[in-house]
Amino acid sequence: MQSRVPCLVVGMLSLLLSNLAGAQDYLWKEIVIEGATVDQAFGHAADPASPVASDALVPAFVALAVIGLIPLLFYYRALDRRSD
């Protein structure tokens, strides 16, 4: 099993050195939620009888992704005003 420590270190350094540190946190959250959505959709399409992949969860994950974009938009708006 590979160690995930180098990825964690690179991620921490990029957050500390970037002006978009707050946005990166939301960005990673959006990637994870959309990945779970696609995983559920394809998992249900591949095996509709599977108890772990449910087509009913896809709208819930999409709603979470949209809700998660709201703070990101406010962050980018504040960042744009600060750069003027």
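Working out 0.36 nm times the residue gap between SER50 and TYR76, then minus their Cα-Cα distance, what length gain in nm do you get to one decimal?
Fully extending the segment from SER50 to TYR76 adds 5.3 nm.
Express in nm, to one decimal, how much length is gained between LYS29 and ARG4 on full extension, taking 0.36 nm for each residue of separation and deducting their alpha carbon distance.
Answer, rounded to one decimal: 7.2 nm.
FRET efficiency for ASP39 and ALA60, Cβ-Cβ distance as r, R0 = 22 Å, nearest 0.05?
0.95
Using R₀ = 30 Å, calculate the FRET efficiency as 1/(1 + (r/R₀)^6) where r is the Cβ-Cβ separation of LEU13 and ILE67; round to 0.05.
0.55
Values in this text are rule-based calculations from the coordinates and carry no lab data. Not measured: the values here are computed from a predicted model. Neighbour counts are summed over all protein chains in view; Cβ atoms, including those assigned to glycine, are modelled from backbone coordinates with ideal geometry.
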